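Colleague: Handing you this structure, nothing more for now.
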Amino acid sequence: MILFWNKAEVFIGYSIREFNETRDILHAAQIESTYKIVNHEGSRSSHTLRSRTGSGGIQSGSTNLYSIYVHKKQREEARKVLGKLR
């Protein structure tokens, strides 16, 4: 089981294609993973600073930040598998 104190990040990015490819590679290698998706757009109705000023530095069409985590004990194995296939 991957919990917050024993997880290591092996992917972070804005591309849904790379996110899915990375998850598929880890699954094929039988490496358990979890993920987190953070939306950086903000709601126009919530009157956030971003809703008034825009999303500087974030690629248009890519407002979700994707992160993939594995168990710390499998970090090196995951990096090797991901490194060979990229």
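The values are calculated or read from the model by the stated rules, or taken from the named source; none is laboratory data. What you see is a predicted model, and the numbers here were worked out from it, not measured in a lab. Don't worry about glycine lacking a Cβ; one is built from the backbone with ideal geometry, like all the others, and counts go over all protein chains shown.
Colleague: Would you check which residues across region 16-27 are surrounded by 14 or more Cβ atoms within 10 Å (Cβ to Cβ) and either at pLDDT below 95 or of a type in the set (A, V, I, L, M) (or both) and list them?
Modeller: Across region 16-27, the qualifying residues are 25, 26.
Colleague: Check whether at least one residue in region 44-67 is modelled with pLDDT under 80, within 14 Å of the chain's Cα centre (by Cα) and surrounded by 12 or more Cβ atoms within 10 Å (Cβ to Cβ), and report yes or no.
Modeller: The answer is yes; a qualifying residue exists.
Colleague: Condition first: of a type in the set (Lys, Arg), modelled with pLDDT of 95 or more and not in a loop (DSSP other than H, G, I, E, B). Can you find one or more residues in region 28-36 that meet it?
Modeller: yes
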